[in-house]
Amino acid sequence: MRLKSKNLTGVVRPLSYVDKMLRQQGFHRSGGDSPPTYDVVIYDSATSTSYFLRIPTNYTSTTTGKGELTVKLGHPYLEAKFYMHTTDDDQFVIPKEIREAAEHKLAEIADYLSHPAAQR
């Protein structure tokens, strides 16, 4: 499920800053040599289901004045970690509380990234 986050999607920042900040927020980095994707697990104790909140990135052609790589954040999305057995007619719906938790986390990250002075 794609999440709307107009304050986060499209933000360009140094990779080192994005990486440090997202790791401090509990995200794990994947992607190897390709542009990283950051994941954090949100657990729903009511249904015993885990969800991934993912933030993809892409390298940009610009670098900072210090020669650092920069990344552009993509559209975040939320998905179930383990899909239950469903038929084609069943639709898996992510609970409202989980969506709200994910949106709150994204707003917090957008707030951190909106303060360039914090990148020092």
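Multiplying the residue separation of MET1 and ARG29 by 0.36 nm and subtracting their alpha-carbon distance yields 8.1 nm. Within the set LYS72/LYS96; LYS6/LYS81; LYS81/LYS105; LYS20/LYS66; LYS20/LYS72; LYS20/LYS81, which residue pairs have Cα atoms separated by over 20 Å? Over 20 Å apart, Cα to Cα: LYS72/LYS96; LYS6/LYS81; LYS20/LYS81.
Read-outs throughout are calculated quantities, based only on the coordinates presented, and are distinct from any laboratory measurement. The structure displayed is predicted, hence computed values, not measured ones.
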